[in-house]
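Beneath this line is the structure, given in C-alpha cells, with notes to follow.
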Amino acid sequence: MNDEVLNQHRYKLTVAYDGTDFVGWQKQEPPDPDAPQPLPGQEPKRIQLRTVQHIVEQAVRETIREPAHVLGASRTDSGVHALGQVAAFTSAPDESKGVGWPIERGTAALVRALNSKLPRDVLIMKAETVPRNFNPIGGAIEKEYRYTMVSGPVRPLWDRRTVFHTWHPLDATLMQQAADYIVGEHDFACFAQIAHGRKTTVRTVFTCNVEPQPEPGRVVIRISGSGFLYNMVRIIAGTLMEVGRAKIDPDALPAILQSCDRKQAGPTLPPQGLRLEWIRYEEQAEKPG
C-alpha cells in the first residue's frame, strides 16, 4: 500500500435536512433548456439543480480544499426530509499544500466547519472517522422511515412542510391491523412505482407501526427494513390511510401483496410527510436514535 493511500482518512457524516426546497439527495445536472443547441460532437450545456448531495459536497470541498466526492446512503426524492441520512467522503491531508482534514483536528471541529458553510435547511449532526473501505450504501443493513399525517377539518399551518393532511378521519387501530401484514419478506411490487428500476421487488420489512400522537388526528407510521423500493414507503402510507378511512379492509393486505399489482394498493402520498429517520450498519449493535 503506497504512502498516499495510507494517508487517506474516511469520514462518515450524519446529515439532517428539510427537503422542501431540494430536488432530492442525488446530484442532478440536466441539459440547460435555455442554452443554444450544441454543435455536433459537443456536450450540451448543463445546469446544477439544488440537491442535498451537491450542497454538502460543496461545503466539504471548501472546508478540506480537496476535490472530494460525497457519497450518500439513500437517494431521498424531491421534497423528502431526513434526520439521519448517512454520507461519507475521503480526505488525503497534506500539510505542505494546506489541504485535507487531519484526524488530529477532530470531528467536532469538522462538524462546526461544515455547518458554517451550509444553508439553513441542511445540518451536519455528527461526523465520525471510519475505515477507508466504509461504504454508506453497501454497508447499510437497516433503515427506518416515518410518515406523518394529520386528519381532520383543520389543516396544519406551522408544520405544513413536514406533514400530510387529509380531511377524512383515520382509525389507527385498523391501520395497525393492516400494517402487521406488511412485516416480513414479501414481493412488494404492489407497493412500488411501476418504473422502479430494480431487478427484484422482494424486500424484508422488520417493523411497521402506526403510532397515534397526543395531538388529535395526528398519526405517525414508522417502517424499518433492509431496503425500500422507489416510493414504497409513500405507497404503503397511502394504503394504510385508505384502511384508516375504511376504504380498504385490513385483512385484504395479504391478497394485495400476493397480487403484485400496483393498482390494488392505495395512492402514493406526497413527499412532505416522509422523513428518513436513521440508517444502521453492521458495526452498530444498537439502532440509532
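Condition test on C208, is it in contact with a Cys (Cβ under 6 Å, 6 or more places away or on another chain) and either more than 13 Å from M241 (Cα to Cα) or of a type outside the set (S, T, N, Q) (or both)?
Details: in contact with a Cys (Cβ under 6 Å, 6 or more places away or on another chain): no; either more than 13 Å from M241 (Cα to Cα) or of a type outside the set (S, T, N, Q) (or both): yes.
Answer is no for this residue.
What number of residues within segment 167-182 are in contact (Cβ under 8 Å) with a residue 40 or more places away in the chain and either within 23 Å of the chain's Cα centre (by Cα) or assigned to a loop (DSSP other than H, G, I, E, B) (or both)? Before the answer, list the steps.
The initial filter retains those residues of segment 167-182 that are in contact (Cβ under 8 Å) with a residue 40 or more places away in the chain, namely 168-172, 174-175, 177-179, 181-182.
Narrowing the set further to residues that are either within 23 Å of the chain's Cα centre (by Cα) or assigned to a loop (DSSP other than H, G, I, E, B) (or both) leaves 168-171, 179, 182.
Looking only at that region, the number is 6.
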### Message
Here is a list: A59, A68, A35. Which entry is assigned to a loop (DSSP other than H, G, I, E, B) and in contact (Cβ under 8 Å) with a residue 12 or more places away in the chain?
### Response
A68
### Query
For segment 71-107, which residues satisfy the criterion of being of a type in the set (A, V, I, L, M, F, W, C) and either in contact with a Leu (Cβ under 8 Å, 6 or more places away or on another chain) or without any contact (Cβ under 8 Å) to a residue 12 or more places away in the chain (or both)?
V80, A82, L83, V86, A87, A88, F89, W101
### Summary
By residue number, the members of segment 64-82 that are surrounded by 20 or more Cβ atoms within 10 Å (Cβ to Cβ) and among the polar types (S, T, N, Q) are S74, T76
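For segment 242-255, what are the residues that are of a type outside the set (G, A, S), touching a residue at least 60 places away in the same chain (Cβ under 8 Å) and either surrounded by fewer than 19 Cβ atoms within 10 Å (Cβ to Cβ) or closer than 24 Å to T76 by Cα (or both)?
Restricting attention to segment 242-255, the residues satisfying the condition of being of a type outside the set (G, A, S) are 242-243, 245, 247-251, 253-254.
Okay, now just the ones that are also touching a residue at least 60 places away in the same chain (Cβ under 8 Å), so 243, 245, 248, 250-251, 253-254.
Of everything in segment 242-255, those that are of a type outside the set (G, A, S), touching a residue at least 60 places away in the same chain (Cβ under 8 Å) and either surrounded by fewer than 19 Cβ atoms within 10 Å (Cβ to Cβ) or closer than 24 Å to T76 by Cα (or both) turn out to be R245, D251, P254.
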### Task
Within segment 219-241, identify whether any single residue is in contact (Cβ under 8 Å) with a residue 60 or more places away in the chain, crowded, with 21+ Cβ neighbours inside 10 Å, of a type in the set (F, W, Y) and not assigned by TED's automatic domain parsing to the domain that holds T90, and answer yes or no.
yes
### Task
Consider R222 carefully, then state whether it is in contact with a Lys or Arg (Cβ under 6 Å, 6 or more places away or on another chain) and under 29 Å from W167 (Cβ atoms).
yes
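The values are calculated or read from the model by the stated rules, or taken from the named source; none is laboratory data. Not measured: the values here are computed from a predicted model. Glycine also receives a Cβ, built like all others from the backbone with ideal geometry; neighbour counts cover every protein chain displayed.
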